[in-house]
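**Q** Sharing a structure, written as structure tokens. Questions coming.
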Amino acid sequence: MAAVGGHSGSAAPAWGDRIGKPEVSQDSEIYKKRPYVDGAKVLIGGEVRPWGGKCAGVLSPVYCTESGQQIPIGRQATMSPKESVEAVEAAQKAWSRGRGDWPRRTLEQRVAAVEKLVATLKAQRTEIVSVLQWEICKNDADSAKEFDRTMDFVGALIAAARGFDSEGLVCEEGVHALLKRSPVGVMMNLGPSNYPFNETYATLIPALLMGNTVVMKIPNTGGLAHCLTMETYASCFPAGVVNFVSGRGRDTMPPCMETGLIDIFAFIGSSKAADSLVKNHPQPHRLKNLLSLDAKNLAVVMEDADLDTAVRECLAGSTSYNGQRCTAIKLIMVHKSIAEAFNKKFCEAVSVLAAGVPFGKNAITPLASSTTDYMKQLTEDAKKKGATVLNAAQGGGHCDRTLFFPALIYPVTKDMELWHAEQFGPVVPIAVFSNISEPIDWLENMHFGQQSAIFTSQDASSAPSRDLVELLDVCALNTCRVNINAQCQRGPDAYPFAGRRSSAMGTISVTEVLRATSVETMVASKQVDVLKRACQGSSVFAKI
């Protein structure tokens, strides 16, 4: 298939050996070892039940060479509003206004259940990683990293939760008190398709450790890995503590919210979808929202930037996992004095990327979270308005079904969709600026505010320019993380992950997410002995 920029003729393109096809032969070992996950089942009220209703087939973005069709790798139950509400009611029963078994357990009892979960999941690692790779097309290293990082994060959460639980008595102005963090209630947890395992567990596990019960809506893309874990959850937690919902979000999620039984809303997706769901709750003011939403992260390459560093980091920031990351760099502004040199080096760096199926080390793989049609739409819009695909001769914009090779679009201007739209894929818009007021104006008018990156001098001994100081302050007050001479990214997990405006609500880090899924509760008395006596036998305050 031709590049968006237009490759024609019978001669094979120079980049043909580097950019493969999104397909495998049915005679290959890879195809023979493909997974098939039968997700015709539901987990509600501690019971994994066979599902006899409608199911949605799950197709890998990878094609079979011989049939020319996407490869089936499983199916998921298409639950109706009735079963979705049943899952919420099971979670509410397990919570029972804080009188259920799970919220009344000690932290160590809850930790023991989570540690049992982790041990069982680790035994399933090979199967889970394989399913992630086939369904969302991360390469070998990235698929394994998603699982392993998740398990590491759970370990860090357990350590942090124990730190919270060790707090003792305090006394202020003659009033003795014991402060504890206690659960909130029922969480509805919706994970994304690009990091279906890691991002889901980033809020699911903290909620469980703090004593909440959960309804997990598994993503339609990336959900098969969760289908593999239903029996594990059923064996590790009391009935109703964890419940799974699958199917169309617009059919299942609004009815869950309309029950009024949801206390915590953990969601990763678009701000428009989050707004719509929150409005379905009869008392939206009492929802504790933990939202990771849209982003349009800006990288500014200043006149004094080290070009090798800027190119290396912008390449990783814009093309890692095909740019299908909320933390990806989604617009690059380069000072006009170095734009030509930057673009030349950037094209050279992109030209060595290998593309193809995810089974191996290919940097560019088939798209799972985005569509190639949208990538082509954004590219064509920019071309019609005066931009070019800088790397078209090296395969930039080449599209083959689900595979789209990164297209460097230059110069991007205000009238183009790429100026403000979150592309969530391997289209890399590059703009030019001559005055620092231009990126500052963009930042102040953008309705997202997750992260930004500034590329400047690496000479630590030189004084910062006035432009750098001004830009840094504007970035810091319009986004939540400013990366200096580094790509936008998440982590280490001890650091806060947040956003301003329509990019987020709440903060995720090892400690902050535990706070977000709990509430501070205290018991107080003017007499410390009376306080201690009252706490004896209490499931919340017994540990003094």
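**Q** Determine, yes or no, whether residue 23 is in contact (Cβ under 8 Å) with a residue 40 or more places away in the chain and more than 30 Å from residue 213 (Cα to Cα).
**A** Details: in contact (Cβ under 8 Å) with a residue 40 or more places away in the chain: yes; more than 30 Å from residue 213 (Cα to Cα): yes.
Yes; evaluated as a whole, the condition is true for this residue.
**Q** Moving on. Got a number for residues in region 360-404 being among the polar types (S, T, N, Q) and assigned to a strand (DSSP E or B)? Steps first, please.
**A** So the first thing to find is which residues in region 360-404 are among the polar types (S, T, N, Q), and the list is 362, 365, 369-372, 377, 379, 388, 391, 394, 402.
Within this subset, residues satisfying the condition of being assigned to a strand (DSSP E or B) are 388.
So the count comes out to 1.
**Q** Kindly evaluate residue 343 against the criterion of being buried (at least 17 other Cβ atoms within 10 Å of the Cβ) and either part of a loop (DSSP other than H, G, I, E, B) or without any contact (Cβ under 8 Å) to a residue 24 or more places away in the chain (or both). Give the derivation first.
**A** Values: buried (at least 17 other Cβ atoms within 10 Å of the Cβ): yes; either part of a loop (DSSP other than H, G, I, E, B) or without any contact (Cβ under 8 Å) to a residue 24 or more places away in the chain (or both): no.
Considered against the rule, which asks whether it is buried (at least 17 other Cβ atoms within 10 Å of the Cβ) and either part of a loop (DSSP other than H, G, I, E, B) or without any contact (Cβ under 8 Å) to a residue 24 or more places away in the chain (or both), residue 343 comes out as no.
**Q** What pairs come up if the first residue lies in region 208-235 and is surrounded by fewer than 24 Cβ atoms within 10 Å (Cβ to Cβ), the second is in a strand (DSSP E or B) and among the basic types (Lys, Arg), and their beta carbons are under 7 Å apart, counting only those six or more places apart or on different chains?
**A** Qualifying pairs under 7 Å: 230/41.
**Q** Could you list, ordered by first residue, the pairs with Cβ atoms under 8 Å in which the first is in region 411-422 and in the same structural domain as residue 374 (by TED's automatic domain parsing) and the second is part of a loop (DSSP other than H, G, I, E, B) and of a type in the set (D, E, K, R), at least 6 apart or interchain?
**A** Hits for this filter: 413/385; 415/385; 416/385; 420/296; 421/296; 422/294; 422/296.
**Q** Additional query: Which of the residues that make up region 35-91 are of a type in the set (Gly, Ala, Ser) and touching a residue at least 60 places away in the same chain (Cβ under 8 Å)?
**A** So the first thing to find is which residues in region 35-91 are of a type in the set (Gly, Ala, Ser), and the list is 39-40, 45-46, 52-53, 56-57, 60, 67-68, 74, 77, 80, 84, 87, 90-91.
Listed by number, the residues that qualify are 39, 45, 46, 56, 60, 74, 77, 80, 84, 87, 90, 91.
**Q** Could you check, for region 521-534, whether at least one of its residues is in a strand (DSSP E or B) and charged (D, E, K, R)?
**A** Here is the first cut: in region 521-534, the residues in a strand (DSSP E or B) are 521-525.
Next, only the ones that are charged (D, E, K, R) stay: none.
So far as region 521-534 goes, no, none of its residues is in a strand (DSSP E or B) and charged (D, E, K, R).
**Q** Can you name the condition, by its number, that residue 512 falls short on among (1) within 30 Å of residue 176 (Cα to Cα); (2) touching a residue at least 40 places away in the same chain (Cβ under 8 Å); (3) within 34 Å of the chain's Cα centre (by Cα)?
**A** (2)
**Q** Test of understanding: among 412, 357, which residue is more than 24 Å from the chain's Cα centre (by Cα) and either under 30 Å from residue 140 (Cα atoms) or not acidic (Asp, Glu) (or both)?
**A** Numbers: 357 fails: more than 24 Å from the chain's Cα centre (by Cα).
Testing whether each residue is more than 24 Å from the chain's Cα centre (by Cα) and either under 30 Å from residue 140 (Cα atoms) or not acidic (Asp, Glu) (or both) leaves just 412.
**Q** Of these, 363, 355, 382, which one is buried (at least 21 other Cβ atoms within 10 Å of the Cβ) and touching a Ser or Thr at 6+ places or on another chain (Cβ under 8 Å)?
**A** Working: 363 fails: buried (at least 21 other Cβ atoms within 10 Å of the Cβ); 382 fails: touching a Ser or Thr at 6+ places or on another chain (Cβ under 8 Å).
Checking each option against the conditions leaves just 355.
**Q** Just to confirm my filter: which strands (runs of 3 or more DSSP E) fall fully inside region 31-134 and include at least 1 residues that are within 25 Å of the chain's Cα centre (by Cα), surrounded by 17 or more Cβ atoms within 10 Å (Cβ to Cβ) and at pLDDT 95 or above?
**A** Numbers: elements: 37-39, 41-44, 47-50, 55-64, 70-77.
The strands (runs of 3 or more DSSP E) meeting that bar are 37-39, 41-44, 55-64, 70-77.
**Q** Another one. What number of residues in region 183-207 are closer than 19 Å to residue 277 by Cα, surrounded by 24 or more Cβ atoms within 10 Å (Cβ to Cβ) and hydrophobic (A, V, I, L, M, F, W, C)?
**A** 4
**Q** Next question, about the same structure. Kindly check whether there is at least one residue in region 189-201 that is part of a strand (DSSP E or B) and more than 25 Å from residue 107 (Cβ to Cβ). Outline the logic, then answer.
**A** As a first pass, look at region 189-201 and keep what is part of a strand (DSSP E or B): 189-190.
Subset that is more than 25 Å from residue 107 (Cβ to Cβ): 190.
The answer is yes, given that some residue of region 189-201 is part of a strand (DSSP E or B) and more than 25 Å from residue 107 (Cβ to Cβ).
**Q** Among the residues of region 486-511, what is the count of those that are out of contact with any His (no Cβ under 7 Å at 6 or more places or on another chain) and closer than 15 Å to residue 298 by Cβ? If you could, list the steps in order and put the result at the bottom.
**A** Quick first cut of region 486-511, residues out of contact with any His (no Cβ under 7 Å at 6 or more places or on another chain) only: 486-500, 503-511.
Narrowing the set further to residues that are closer than 15 Å to residue 298 by Cβ leaves 486-489, 499-500, 503.
Within region 486-511, residues that are out of contact with any His (no Cβ under 7 Å at 6 or more places or on another chain) and closer than 15 Å to residue 298 by Cβ number 7.
The values are calculated or read from the model by the stated rules, or taken from the named source; none is laboratory data. In this text the structure is predicted, and so the values were computed from the model without any measurement. Positions of Cβ are generated from backbone atoms using ideal geometry, with glycine treated the same way; all protein chains shown enter the neighbour counts.
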